[in-house]
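**Student:** Before anything else, here's the structure in question.
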Amino acid sequence: MNSNTIYVAKLGKAVGLQGYLRLFIDTDFPEQFKKGAIFSTNRNLQLEILEYNSSRELIKFKDYEDIDTAKRLTNQELFSTIEQTKQYCKLAKNEFFWFDLISCNIFENDLKLGKVKEVQRYPLNDYLEIDTDEELIKKGLPKVFLIPHIFNKYISEVNVEKKTIKVINSLEILENS
């Protein structure tokens, strides 16, 4: 898929005779699965949702309304666009989309620690995976380290427009990595 798409779910096997498929959601925003929403697949199909049953985790798409046509969609991955995601998914205070955090520069006071490479999900917290700044690597510090994505303990400010994240207590994490 291209860089404008985000993986959100995988389709499982067909359930029943009316074209329902098991849906394995891999997003924090299940509210985007509503009637009329359109997703692309890893096989370049455009699928429009006819019905979504969140309690049973079943989904049905337009033009795939019987078991035989629905079976053709088994194991396909669903993707949303960044624009659709921003439109349908509402964030609370201090919540950010992962794609907005990636490539942000990390600063503690005025020292650049590095740049966000990826966001890692662990059971208790998400972590920002940081590519350490070259100047710090030259001083013998690790090339990559993790910062817990916990506001007021490690993250003090995020500015997605300026692509900067101000952190606290994180230089110590880097030095001890």
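**Student:** Going through the range 38-88 one residue at a time, which ones are outside any helix (DSSP H, G or I), in contact (Cβ under 8 Å) with a residue 60 or more places away in the chain, surrounded by 15 or more Cβ atoms within 10 Å (Cβ to Cβ) and of a type in the set (Ser, Thr, Tyr)?
**Tutor:** Selection gives SER80, THR81.
**Student:** Of everything in the range 12-22 that's open to solvent by less than 20 Å² (accessible area, probe 1.4 Å) and either touching a helix residue (DSSP H, G or I) at 6+ places or on another chain (Cβ under 9 Å) or among the acidic types (Asp, Glu) (or both), which residue is modelled with the lowest pLDDT?
**Tutor:** Checked the range 12-22; the qualifying residue modelled with the lowest pLDDT is GLY19.
**Student:** Does SER80 satisfy being touching a strand residue (DSSP E or B) at 6+ places or on another chain (Cβ under 7 Å), of a type in the set (Ser, Thr, Tyr) and under 23 Å from VAL158 (Cβ atoms)?
**Tutor:** It is true that SER80 is touching a strand residue (DSSP E or B) at 6+ places or on another chain (Cβ under 7 Å), of a type in the set (Ser, Thr, Tyr) and under 23 Å from VAL158 (Cβ atoms).
**Student:** Could you please tell me which pairs satisfy a Cβ distance under 6 Å, a separation of 6+ or placement on different chains, a first residue in the range 90-119 that is over 19 Å from ASN169 (Cβ atoms), and a second residue that is in a loop (DSSP other than H, G, I, E, B)?
**Tutor:** ASP100/VAL160
**Student:** For the range 17-37, name all the residues that are of a type in the set (Phe, Trp, Tyr), assigned to a strand (DSSP E or B) and closer than 24 Å to LEU91 by Cα.
**Tutor:** Of everything in the range 17-37, just one residue is of a type in the set (Phe, Trp, Tyr), assigned to a strand (DSSP E or B) and closer than 24 Å to LEU91 by Cα, namely PHE24.
**Student:** For the range 131-141, which positions are without any contact (Cβ under 8 Å) to a residue 40 or more places away in the chain and either among the acidic types (Asp, Glu) or surrounded by 14 or more Cβ atoms within 10 Å (Cβ to Cβ) (or both)?
**Tutor:** Within the range 131-141, ASP131, ASP133, GLU134, GLU135, LEU136, ILE137, LEU141 qualify.
**Student:** Can you confirm whether the range 101-115 contains a residue that is under 24 Å from the mean Cα position of the chain (by Cα) and among the acidic types (Asp, Glu)?
**Tutor:** Checking the range 101-115: not a single residue is under 24 Å from the mean Cα position of the chain (by Cα) and among the acidic types (Asp, Glu).
The values are calculated or read from the model by the stated rules, or taken from the named source; none is laboratory data. Keep in mind that what you see is a predicted model, and the values were worked out from it rather than measured. Heads up, the Cβs are rebuilt from the backbone with ideal geometry, glycines too, and the neighbour counts pull from every protein chain shown. Side chains included, ligands, DNA and RNA excluded: accessible areas come from the protein's heavy atoms. Shrake-Rupley method; radii C 1.70, N 1.55, O 1.52, S 1.80 Å.
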